[in-house]
Amino acid sequence: MIFMRKRNYYIFASCVALLLNVLGFSLLTHAASLHAAEGIAIAQDTQTSPDQAMNNQYAVKPFMHRPFYGNRTVIERTISFFDHDKPWYAHDGIFVRYDGKKWRHTVLNDCSPGKNCYDGHNGYDINLRFEPVLSVAAGVVTRANWYNPLNHNDAFGLWVAISHSNGYATAYGHLSAITVSVGERVGIQQRIGTSGTTGSSTGPHLHLSTYYMPKWRATDPFGWESRHADPNAVPDRYLWVSQPATDNSVPVLSSRGSHLAPGAILVNDGGQGFRTTGTWKRTRGAVKGEMHWTRTTRGRATATAIWQTRLPASRKYEVGFFVNDHCASSSWVPLEIYSADRAHPGRVIRHIVHLDESHIGTFRGPFGRVSTGAQWISLGTYYFTRGSEARVAVSNATGESGQQLGVDGVEFVPVP
């Protein structure tokens, strides 16, 4: 069973909140007193009770779709539930699920087979092992970086947050790659990244949280089903649309070791279609026996690598990048994918994807040693035309000094 534990961040938050705000980050945890103060303020503004004011302010139609491809339900893929009792990582020994069932005197508990409940959890952990992550609704990307730039084993790790136009925001934590940027407008079930195990995590999965804005007040999108009063300080409403699944699918590239996905076209480092500039070293690799690596830099790029090929058909392809478990410690690898514009023949579109190599393979996580094995990491789905040059490029200008940037193979997998 994969599961994940999180720590209480209050002491840490008080020390670095100002710095993180300057860097464009927001802490998502709030004390109970903050919720009480917000309730009083709302009551004064609306001249109604706090509960009535919140219900009036946040009444909204269901709008959320599943954050993954396929028809499996969120509950089927859930491995950790939302805690209605103080969902801001307050460890008071009480866990309350959306159906009102309560557990006492536990921090982590198997509340049903294959699923766990632990104190203060402010979202749902979903069993996605290095798989595509989709936006649950349309909105604007407000976060797309490290939750805590000073500690990559902290909190949500590499994460994306999306502000929707209805007073809600959603957050997607522990990603291995991010395919969107701050300020970008995304649609319903648009690809925003790839799941992983960055931040405070013990295994690959997706953490999904839903918040009332602008105070980042956690709410359960499955609502509250018990006849007893909901202990959460804010209203919990059922927010999933009636048909939240997507009929689309893409090849899952992970969990194959160094093997290619069926039908994949490989461009390997050192082979035809691969070239470099600057200084690179060679070492043992997993794809065709070797890999290249170089040191990262905070300044201008001093080394680049390019994978290039002509694809046999005009269609969409899932692009994969292989990450080894050695000579690959960079946490902000900038990858450029050059694809075709289906609506404008001859036009080339440049996409930027940021990938973390440091939490793939064997590494020291916040709770001890973690081993995911080397992985094919999906960089997204892109359209390429027959005979045109499909190209992926990377540079060592990651903003880090002296980390190892490892490169191996790139695969292009036809999407059905």
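The values are calculated or read from the model by the stated rules, or taken from the named source; none is laboratory data. Note that the structure is predicted; figures quoted are calculated from it, not measured. Methodologically, a virtual Cβ is constructed for each residue, glycine included, from the backbone with ideal geometry; neighbour enumeration extends over all protein chains shown.
If I ask for residues that are assigned to a strand (DSSP E or B) and surrounded by fewer than 24 Cβ atoms within 10 Å (Cβ to Cβ), which ones from the stretch 171-182 would you list? The one that is assigned to a strand (DSSP E or B) and surrounded by fewer than 24 Cβ atoms within 10 Å (Cβ to Cβ): 171.
On inspection, residue 348 passes the criterion of being surrounded by fewer than 21 Cβ atoms within 10 Å (Cβ to Cβ), in contact with a strand residue (DSSP E or B) (Cβ under 6 Å, 6 or more places away or on another chain) and among the hydrophobic types (A, V, I, L, M, F, W, C). Filtering the stretch 330-357 to residues that are farther than 20 Å from residue 173 by Cα and either at pLDDT 95 or above or in contact with a Phe, Trp or Tyr (Cβ under 9 Å, 6 or more places away or on another chain) (or both) leaves 335, 336, 337, 338, 339, 340, 341, 342, 348, 349, 350, 351.
Taking the listed residues 226, 258, the one that is surrounded by fewer than 17 Cβ atoms within 10 Å (Cβ to Cβ), assigned to a loop (DSSP other than H, G, I, E, B) and in contact (Cβ under 8 Å) with a residue 60 or more places away in the chain is 226, with no other qualifying. Screening residue 141 with (1) out of contact with any Pro (no Cβ under 9 Å at 6 or more places or on another chain); (2) under 26 Å from residue 177 (Cα atoms); (3) assigned to a loop (DSSP other than H, G, I, E, B); (4) among the hydrophobic types (A, V, I, L, M, F, W, C) gives one miss only, at (3).
If the condition is being in a loop (DSSP other than H, G, I, E, B) and aromatic (Phe, Trp, Tyr), then the stretch 261-288 contributes only 280. Within the stretch 289-335, the set of residues being among the small types (Gly, Ala, Ser) and assigned to a loop (DSSP other than H, G, I, E, B) comprises 289, 299, 301, 303, 313, 314, 328, 329, 330, 331. Looking across the stretch 298-316 at every residue that is among the β-branched types (Val, Ile, Thr) and closer than 21 Å to residue 401 by Cα, the one that is surrounded by the most Cβ atoms within 10 Å (Cβ to Cβ) is identified as 304.
When 275, 282, 295 are checked against the criterion of being surrounded by 15 or more Cβ atoms within 10 Å (Cβ to Cβ) and of a type in the set (Lys, Arg), a single residue qualifies: 295. Scanning the stretch 374-405 for residues that are under 19 Å from the mean Cα position of the chain (by Cα) and in a loop (DSSP other than H, G, I, E, B) turns up just one, 374.
Residue under question is residue 198, and the condition is that it be over 14 Å from the mean Cα position of the chain (by Cα), under 22 Å from residue 357 (Cα atoms) and not in a strand (DSSP E or B); does it hold? Taking the combined requirement at face value, the residue does not satisfy it. Residues that are modelled with pLDDT under 95 and assigned by TED's automatic domain parsing to the domain that holds residue 354 do not occur anywhere in the stretch 298-305. The one condition from (1) modelled with pLDDT of 95 or more; (2) over 10 Å from the mean Cα position of the chain (by Cα); (3) surrounded by fewer than 24 Cβ atoms within 10 Å (Cβ to Cβ); (4) of a type in the set (Gly, Ala, Ser) that residue 165 does not meet is (1).
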